[in-house]
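The values are calculated or read from the model by the stated rules, or taken from the named source; none is laboratory data. Bear in mind the structure is a predicted one, so any value in this text is a computation, not a measurement. Positions of Cβ are backbone-derived with ideal geometry, glycine not excepted, and every protein chain shown enters the neighbour counts.
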Amino acid sequence: MKIGIVGLPNVGKSTIFNALTKTKAARAENFPFCTIDPNVGLVEVPDYRMKHLADLVNPERIMPAVVEFVDIAGLVKGASEGEGLGNKFLANIRECHAIAQVVRFFEDSDVHHVHGDIDPKRDVEIIQTELILADLQTVEKRYGKAEGEAKSGKKEAKEYFELIKRLKSHLEEGNMVYDMDFIEDEQEMLKDLHMLTAKPIIYVVNVAEHEITEFDISKVRNVLGLPDKSRVVPISAKIEEELMQLPEEDAADFLKEYGLEEPGLNRLIQEGYDTLGLHTYFTAGVKEVRAWTVRKGAAAPEAAGKIHTDFEKGFIRAEVSAYEDYIAHKGEKGARDAGKLRSEGKEYIVSDGDIMHFLTSN
């Protein structure tokens, strides 16, 4: 899973990126455009089940699932026309699966806002407009070629051009591709364009420390003018920054002081999984305990293919036990003896937390 981080300058993007990656890779300064080159970091997916499995199996190594985050330079109004640093950095997130848009809610006279005052709804609209305009530029570049190919009279070329025309009109009306109605294979036809507004957006609302426990998602959606289905995650970048500097044993106590059970960044990662329709299965053995990310609804062969493409091609069956059964019966042998380890074929749909072992012809 790959998530791109966008937002106006000085909204907390780089601070959040640094906290996520537990580094100081991204410059987080009190002036616009302190981030120029994109920052890329891999973040382990927090999952309490990994530790329980490792304690039981005692493997040589533990391999959690990872999320890749890409932090790019801040956008400003008019970026598509070259304002600020322009929109050229958006190319760095075109292949991300989702976008995390950081929105500043906190008031702090010492932290400059590029547009002068705090207006979260305006800020959201600016970013969305710039993403739409960037997509429109991409479509306009493709338009001429598609039009020329349609003149050949080939059915596929004509259908593609009609789709490009409809897409162009949709964007010109200020709409995001994510909200466009598609039929049959139309989304697949547009896949190579890597439309930014076709990606789901998670709104990361950066609030002051004292506001984090009073956060009202419905109220915030209303302030931002977002529909009820929109994904909103509250984070206090200041809290996350301080957490990053604490030893693990002190972090829990620090969170309790704010009435929190876990870092906000954990919620962001989980929201990414939910947004993209993903979940986790595990492999567990003396060599390693490993978490694998797979889409919800995936059948066993597809899950096997996450390990190696040959495993999907040569899939015979999978031995499966639920996480709760595996733990309760103290591992594979106990689960098998209790009748909680079962053989599943190609039609089996993987459940979150499954412990799986694949038998293949390869």
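Given the residues 330, 346, 296, 340, which is the only one that is on the phi > 0 side of the Ramachandran plot and basic (Lys, Arg)?
Answer to the check: 330.
Restricting attention to the stretch 5-15, which residues are in contact with an Asp or Glu (Cβ under 8 Å, 6 or more places away or on another chain) and not in a helix (DSSP H, G or I)?
Taking the stretch 5-15 first, the residues in contact with an Asp or Glu (Cβ under 8 Å, 6 or more places away or on another chain) are 5, 7-8, 11, 13-15.
Residues satisfying the conditions are 5, 7, 8, 11.
Can you tell me how many residues within the stretch 332-362 are in a helix (DSSP H, G or I) and among the aliphatic types (A, V, I, L, M)?
So the answer is 1.
Determine the pairs where a residue that is within 12 Å of residue 304 (Cβ to Cβ), located within the stretch 339-350, has a partner that is of a type in the set (A, V, I, L, M) and modelled with pLDDT of 95 or more with Cβ atoms under 6 Å apart, the partner being 6 or more residues away or on another chain.
344/300; 344/318; 344/320; 348/300; 350/294; 350/298; 350/303
Would you pick out the residues in the stretch 2-18 that are closer than 24 Å to residue 279 by Cα and either out of contact with any helix residue (DSSP H, G or I) (no Cβ under 8 Å at 6 or more places or on another chain) or modelled with pLDDT under 85 (or both)?
2, 17
Can we say residue 100 is farther than 22 Å from residue 3 by Cα, modelled with pLDDT of 90 or more and small (Gly, Ala, Ser)?
Working: farther than 22 Å from residue 3 by Cα: no; modelled with pLDDT of 90 or more: yes; small (Gly, Ala, Ser): yes.
It is false that residue 100 is farther than 22 Å from residue 3 by Cα, modelled with pLDDT of 90 or more and small (Gly, Ala, Ser).
Check 212, 126 and return the single one that is in contact with a strand residue (DSSP E or B) (Cβ under 9 Å, 6 or more places away or on another chain) and closer than 30 Å to residue 15 by Cβ.
212
Looking for something touching a Ser or Thr at 6+ places or on another chain (Cβ under 7 Å), surrounded by 18 or more Cβ atoms within 10 Å (Cβ to Cβ) and either farther than 23 Å from residue 323 by Cβ or touching a residue at least 12 places away in the same chain (Cβ under 8 Å) (or both) - is there at least one such residue anywhere in the stretch 237-250?
Checked the stretch 237-250: at least one residue is touching a Ser or Thr at 6+ places or on another chain (Cβ under 7 Å), surrounded by 18 or more Cβ atoms within 10 Å (Cβ to Cβ) and either farther than 23 Å from residue 323 by Cβ or touching a residue at least 12 places away in the same chain (Cβ under 8 Å) (or both).
Please go through (1) touching a helix residue (DSSP H, G or I) at 6+ places or on another chain (Cβ under 9 Å); (2) more than 30 Å from residue 229 (Cβ to Cβ); (3) surrounded by fewer than 20 Cβ atoms within 10 Å (Cβ to Cβ) for residue 321 and return the number of the only condition it doesn't satisfy.
Just one mismatch for residue 321, condition (3).
Just for the stretch 48-88: of the residues that are modelled with pLDDT under 70 and surrounded by 15 or more Cβ atoms within 10 Å (Cβ to Cβ), which one is nearest to the chain's Cα centre (by Cα)?
Here is the first cut: in the stretch 48-88, the ones modelled with pLDDT under 70 are 76, 78-88.
Narrowing further to those that are surrounded by 15 or more Cβ atoms within 10 Å (Cβ to Cβ): 76, 78-80, 84-87.
Details: 76: 23, 78: 26, 79: 24, 80: 24, 84: 26, 85: 25, 86: 24, 87: 21 Å.
Only one residue fits best here, namely 87.
Considering only residues that are surrounded by fewer than 13 Cβ atoms within 10 Å (Cβ to Cβ) and of a type outside the set (Ser, Thr, Tyr), look in the stretch 331-345 and name the one that is nearest to the chain's Cα centre (by Cα).
Initially, the stretch 331-345 is screened for residues surrounded by fewer than 13 Cβ atoms within 10 Å (Cβ to Cβ), giving 333, 337, 339, 343, 345.
Narrowing the set further to residues that are of a type outside the set (Ser, Thr, Tyr) leaves 333, 337, 339, 345.
Details: 333: 36, 337: 39, 339: 37, 345: 31 Å.
So the residue we want is 345.
Are any residues in the stretch 277-331 in a strand (DSSP E or B) and of a type in the set (D, E, K, R), and if so, which ones?
Selection gives 288, 290, 295, 317, 319.
Quick one: which of 312, 261 is in contact with a Pro (Cβ under 7 Å, 6 or more places away or on another chain) and free of Cβ contacts under 8 Å to residues at least 24 places away in the same chain?
312
Is the stretch 278-291 home to any residue that is within 27 Å of residue 205 (Cα to Cα), acidic (Asp, Glu), surrounded by 14 or more Cβ atoms within 10 Å (Cβ to Cβ) and in contact (Cβ under 8 Å) with a residue 24 or more places away in the chain?
The answer is no, given that none of the residues of the stretch 278-291 is within 27 Å of residue 205 (Cα to Cα), acidic (Asp, Glu), surrounded by 14 or more Cβ atoms within 10 Å (Cβ to Cβ) and in contact (Cβ under 8 Å) with a residue 24 or more places away in the chain.
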